[in-house]
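Notes for the one structure printed next.
Quick note: the coordinates plus some simple rules give every number you see, no bench work behind them. These figures come from a predicted structure and were not determined experimentally. Cβ coordinates were reconstructed from backbone atoms using ideal geometry, including for glycine residues, and neighbour counts include every protein chain displayed.
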Amino acid sequence: MARILDPTADSIAQAAAAIRAGRTVVLPTETVYGLGADATDDRAVAAIFAAKERPRFNPLIVHVPDAAAAQRHVQWTSLAEKLAAAFWPGPLTLVLQRRPDCRLSLLVSAGLDTAAIRVPRHPLAQSLLRAADRPIAAPSANRSGSISPTRPEHVVQSLGDAVDIVLDGGPCLIGLESTVIDARREVPVVLRPGGITREDIVRIAGAVQDGGMGGPKHSPGMLESHYAPSLPLRLNATEVNELEGLIAFGPMPLQGAGLTINLSFTGNLAEAAAGLFATMRTLDRPGLERIAVMPIPDTGLGEAINDRLKRAAAAR
Ligand code: TXA
Ligand code: MG
């Protein structure tokens, strides 16, 4: 059974030792909790796929402490340099060509010749990366296809028996996964919307292209249904009934739901993103038949919020 450890010098040392010994550790990041293992160790990486029951064709994100460490694994580009300077550490993942001398396990790339790299901002993730002195492969710490964890107790609910150490970094500040960008060419290609907005990317790079639905060669994970609660989910609700749980947004929540959680009374998208996954979990309960969601604007972080909601709604 999983042990949730408070962040102390001792628990960080224990977690680092576990990583170096080829075991998995659950670590907090500012986006979601990750199920981490030494990205250079095939058996350790295979254990991540097994614990999550994740299809082997879906590659993993590798976490490193800084951009210099990233450049030891992948071929750097001028676009990567610009984006890393602007957004690392933070919720941005760059997909780049593996270097010929790349020591990352081939399993993290799931057969592609690229690797996805991210420098997380969360201080505990930073401490663990430095103490372990290994690149850490870490997908979200949930069973494949279910809702990503933004608190330690979500990890235990989802992966309880399959994980040993969970480092407690509190609730994740951003609450949505990183934005995944293919940064191999001049124009960034968005493979997954996330914690860095399209507007932010355009401000730094001048333009973006959409690549999320470009097929399995680009970002295999984008093809799956994901983020699914067990109740069906209904989007853009304009009325609601007592058998439904309501995900509300803004100052005028619909009336009449069995249970309502407002993501943000003031219509703040960052606040809504931070609470989204925990809210989906809370409303996914017996006694309710469906989850209804009020419309959420598609600008800024709204794009990633709506992406996750659409996937959750499509899952059945
Ligand atoms: O915020 C996050 O990104 C979290 C935290 C833990 O860092 N991690 C995360 O990992 O969301 P995961 O495995 O749930 O999602 C990784 C996404 C998937 O959509 C996957 O297909 C894509 O990144 N990906 C990974 N490597 C790739 C590659 N080489 N080429 C294209 N897409 C890749
Ligand atoms: Mg995931």
>> Please give the Cα centre distance for the range 237-316 versus the range 166-185, rounded to the nearest Å.
In response: 21 Å
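Could you calculate the FRET efficiency of residue 77 with residue 1 from 1/(1 + (r/R0)^6), where r is the beta carbon distance between them and R0 is 45 Å, rounded to 0.05? Don't jump to the answer; show the numbers that get you there.
Values: r = 44 Å, r/R0 = 0.98.
It comes to 0.55.
For the range 233-313, report the % of Cα-Cα distances exceeding 16 Å. Could the numbers behind the result be given before it?
Working: 1394 of 3240 pairs.
The answer is 43 percent, as a whole percent.
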> To the nearest 10 degrees, how steep is helix 9-20 against the longest Cα principal axis of the chain, on a 0 to 90 scale?
Replying inline: 70 degrees
> Rounded to a whole number of µm²/s, how large is the Stokes-Einstein D of the chain at 37 °C and 0.692 mPa s, given Rh as the Kirkwood radius over C-alpha pairs?
Replying inline: 167 µm²/s
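Place the peptides 261-270, 65-74 in order of packing, highest mean first, counting for every residue the other Cβ atoms within 10 Å and averaging per peptide. Could you put the intermediate results ahead of the total?
Details: 261-270: 16.4, 65-74: 18.0.
Output ranking for 261-270, 65-74: 65-74, 261-270.
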> Farthest toward the dipole's positive end in the range 233-313, which of 276, 293, 260, given Cβ charges of +1 (Lys, Arg) and -1 (Asp, Glu) about the Cα centre?
Replying inline: 276
> So how tilted is helix 123-132 from the main axis of the chain? Cα-based, degrees 0 to 90, rounded to 10.
Replying inline: 30 degrees
> Listing 226, 63 from the residue with the fewest other Cβ atoms within 10 Å to the one with the most, what is the order?
Replying inline: 226, 63
>> Let me make sure I get this right: for the range 1-129, a, b and c are the square roots of the gyration tensor eigenvalues over alpha carbons, sorted descending. Under 1.5 in a/c it's rounded, otherwise prolate if a/b > b/c, else oblate. Which is it?
In response: oblate
